[in-house]
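What follows is calculated from the coordinates using simple rules that are stated; it is not laboratory data. Quick caveat, the model's predicted, so the values are computed rather than measured. Note that we place each Cβ from the backbone using ideal geometry, even for glycine, and neighbour counts take in every protein chain shown.
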Amino acid sequence: MKIDFRTISARLAADEDLTDYDFWRAIKMIDNELYRIERERLPIPMQMLHARHVLKTARAQRLAEGF
């Protein structure tokens, strides 16, 4: 199954129910969890990296397009 990150990011960026704060908070939560995982020397889940990438791309897209 191929995941199209650009499409997911574009949909999130266009979603008016999500605020810039929601994006920031979600990214911050993922970053905190990744930090915890790294400190405990556990394997990093790829899904978490993908989610962070999608959220960062969506937030950047929203800021660039002025949503």
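Taking segment 31-55 as the range and being within 19 Å of Ala13 (Cα to Cα) and of a type in the set (Lys, Arg) as the test, only Arg52 passes. Selection of segment 2-21 for residues being under 14 Å from Thr57 (Cβ atoms) and of a type in the set (S, T, N, Q) yields Thr7, Ser9.
Cβ-Cβ contacts under 8 Å between residues 6 or more apart (or on different chains), taken from a first residue in segment 55-67 that is in a loop (DSSP other than H, G, I, E, B) to a second residue that is of a type in the set (Asp, Glu), are listed as Phe67/Glu16. Residues in segment 10-54 that are assigned to a helix (DSSP H, G or I), among the charged types (D, E, K, R) and touching a helix residue (DSSP H, G or I) at 6+ places or on another chain (Cβ under 9 Å) were compared, and the one that is surrounded by the most Cβ atoms within 10 Å (Cβ to Cβ) is Arg52.
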